[in-house]
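Below: the structure, in structure tokens.
The values are calculated or read from the model by the stated rules, or taken from the named source; none is laboratory data. Computed from a predicted structure; not experimentally measured. Cβ atoms come from the backbone with ideal geometry, glycine included; neighbour counts cover every protein chain shown.
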Amino acid sequence: MSALPDFSHSPTELIVDLDALADNWRLLRDRAAGGGAFATAVVKADGYGLGIERVGPALHAAGCRTFFTAHLDEAIALRALLPDADVEIGALNGLLGDEAPVYRAHRIMPTLNDLGQIERWAAFCQAVETPLPAGLHIDTGMCRLGLPWQEIDRLAAEPAHLDGFEMRYLMSHLVSADAPSAPINRQQADLFARQTARLPKPTAGRMLANSSGCFLGRDWLFECVRPGVAIYGVAPDTTRPNPMRPVVRLSAKILQIRDVDAPQTVGYGAAYPVARPSRVATVAVGYADGYLRTAGAGPIAEEAVAHIGQREVPVIGRISMDLTTLDVTDAPEATVGTAIDMLGPLNTVDRLASAAGTIGYEILTSLGRRHRRRYVGGDA
Ligand SMILES: *Cc1c(COP(=O)(O)O)cnc(C)c1O
């Protein structure tokens, strides 16, 4: 039994548009198809914070048949949601210890990140006399997970290490795909092509591109792509217009409004001196809800904004754990109970990320659990 509240009385609502999510995946799928590649979907971290129990089935309904999570446990949870035999689920973090039987029991495909993991998976597959599938991750510059070049050399010289299981994917991960002009993008694509040519052919394909990688050009698509964040509406290249549809809206009802004037200040640290007769609205969204403290009057020059309908209202003062204050002086329609979009089509995840000095990924995955959640579109 869970003691966690369900927040059904919350004055804040996180609205997730499953139609926009499906459209975004289809856009990526079509882009990949233009280069002869097929698209998978990365749904790690609870579907980038939006709820795997809805995101997984919605992407499946859109046509996606291959999914990747980071953790084995995330993959197991997804398998329960998508039990069909034609759905392939992989976990990226690697075959850590002796959990090979768990991968098999839940029909999860491990990602093999070093020679030891390759040997363990091969030995397990031989023991159960079944050539189970796995992805093989080689490092082309991230220096994080995946086989380092010395182990790729060894594997190229001794391909028998790969006997006994199905090498379904050969993958690597881009370091700077969101910066299209970074020279390392070309270097990684070239190195990936060269290194994979020294290894046996994977049965499903070679896979390099994340979301941003899908927009770099044909040379980055190979046979399949592995987008994540763009499915959830984040811009694959923040310096250009975003081709993705916004997926999340965070709507907060005004809890209280007060009239203030100089020399009063708003919020912790008296950090916001009021300069004119003002109306200050407070909403129940704070940094514990993923509205990052750095988005408030702090070291970042750019100001966070919210919207009442089409009207922009600035966030003022420090962001508290549970509360944020806004200047609604120029929004006479604002009253207690009025809904303010803290995130939405006009103030996107990317815009809040920029005001908070971070990236859209962190905003999405920090959104928190205290909002009432409402899913629209799909079969919601
Ligand atoms: C998270 C992740 C992805 C998806 O990346 P996005 O930038 O969200 O598209 C792809 N591959 C690996 C290995 C990842 O860790």
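Is it fair to say P241 is more than 16 Å from the ligand (Cβ to nearest atom), surrounded by fewer than 23 Cβ atoms within 10 Å (Cβ to Cβ) and part of a loop (DSSP other than H, G, I, E, B)? It is true that P241 is more than 16 Å from the ligand (Cβ to nearest atom), surrounded by fewer than 23 Cβ atoms within 10 Å (Cβ to Cβ) and part of a loop (DSSP other than H, G, I, E, B).
Just to verify a result, which residue in region 78-121, among those that are crowded, with 16+ Cβ neighbours inside 10 Å and small (G, A, S), is farthest from the chain's Cα centre (by Cα)? Among them, the one singled out is A100. Inspect region 252-267 for any residue being closer than 15 Å to R31 by Cβ, of a type in the set (A, V, I, L, M, F, W, C) and either touching a Leu at 6+ places or on another chain (Cβ under 6 Å) or touching a residue at least 12 places away in the same chain (Cβ under 8 Å) (or both) and give the result as yes or no. No, because not a single residue in region 252-267 is closer than 15 Å to R31 by Cβ, of a type in the set (A, V, I, L, M, F, W, C) and either touching a Leu at 6+ places or on another chain (Cβ under 6 Å) or touching a residue at least 12 places away in the same chain (Cβ under 8 Å) (or both). Condition check for R218 on (1) within 15 Å of the ligand (Cβ to nearest atom); (2) of a type outside the set (F, W, Y); (3) touching a Gly at 6+ places or on another chain (Cβ under 7 Å): one failure, at (1). For region 244-257, taking the residues that are hydrophobic (A, V, I, L, M, F, W, C) and not in a strand (DSSP E or B), the one that is nearest to the chain's Cα centre (by Cα) is identified as V247. Between A334, A356, the distinction of being modelled with pLDDT under 95 and aliphatic (A, V, I, L, M) belongs to A356 only.
Looking at A262, A235, just one residue is more than 16 Å from the ligand (Cβ to nearest atom), assigned to a loop (DSSP other than H, G, I, E, B) and among the small types (G, A, S), and that residue is A262.
Yes/no matrix, rows are residues, columns are (1) among the polar types (S, T, N, Q); (2) loosely packed, with under 15 Cβ neighbours inside 10 Å; (3) outside the structural domain of V305 (by TED's automatic domain parsing); (4) over 28 Å from E13 (Cα atoms):
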residue: I184; (1), (2), (3), (4): no, no, yes, yes
residue: Q195; (1), (2), (3), (4): yes, no, yes, yes
residue: P200; (1), (2), (3), (4): no, yes, yes, yes
residue: F215; (1), (2), (3), (4): no, no, yes, yes
residue: W220; (1), (2), (3), (4): no, no, yes, yes
residue: R258; (1), (2), (3), (4): no, yes, no, no
residue: G267; (1), (2), (3), (4): no, no, no, no
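Selection of region 327-363 for residues being part of a helix (DSSP H, G or I) and either within 21 Å of R245 (Cα to Cα) or within 16 Å of the ligand (Cβ to nearest atom) (or both) yields V349, D350, R351, L352, A353, S354, A355, G360, Y361, E362, I363.
Close Cβ contacts (under 7 Å, 6 or more residues apart or on different chains) running from residues in region 1-19 that are at pLDDT below 95 and surrounded by fewer than 10 Cβ atoms within 10 Å (Cβ to Cβ) to residues that are not in a helix (DSSP H, G or I) and not β-branched (V, I, T) comprise S8/R372.
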